[in-house]
Amino acid sequence: MENAVFLKLARDNQLKGLYYIKGKDFEVDFYDEVNSRLIQVTRASDKVDEREIRGIVKAESLVQAKELLIVTYDVEGVERREGREIRMIPIYKFLLMG
């Protein structure tokens with residue numbers, strides 16, 4: 001799943017502004033600097049793990065991203081943490097985004 005997300009981001013951004021963020025107790029798969037968004041990829045099919053949500057919120061405090069996105073296998077919804085909105089989207093919808 002991460003490879004598919006990377007390929008889409010690389011094509012959309014022409015290989016510019018893609019980063020991996022790792023902190024002492026968290027990591028986020030992609031920081032898309034071009035579109036100012038953090039993207040975490042998980043295989044969740046019924047519920048997203050708390051560590052995934054916690055990690056993306058911590059990373060947001062470092063980079064001040066405009067959008068927080070968790071790409072899942074088939075979970076869709078919105079989670080609110082610390083005043084931030086985290087969108088969860090199935091991978092097929094992410095790959096079809098324009």
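Derivation of every value follows stated rules applied to the coordinates shown; laboratory data play no part. Given the structure is predicted, the values throughout are model-derived calculations rather than measurements. We place every Cβ from the backbone using ideal geometry, glycine too, and count neighbours over all the protein chains shown.
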field: Check: the chain dipole with +1 on Lys, Arg Cβ and -1 on Asp, Glu Cβ, in debye
entry: 180 debye
message: Through the Karplus equation 6.51 cos²θ - 1.76 cosθ + 1.60, θ set to phi - 60°, convert the phi angles of the stretch 22-36 into ³J(HN,Hα) values in whole Hz; use x for Gly and Pro.
response: 10, x, 4, 10, 7, 8, 10, 5, 9, 10, 8, 5, 4, 9, 6
field: Ranking of Y19, Y31 by count of other Cβ atoms within 10 Å, fewest first
entry: Y19, Y31
- prompt: Cα-based count: Lys pairs in the stretch 2-96 below 26 Å, eight or more positions apart or different chains?
  reply: 22
- prompt: What residue among Q64, Q14, Q40 has the largest mean-square fluctuation in a Gaussian network model of the chain, using Cα springs under 10 Å?
  reply: Q14
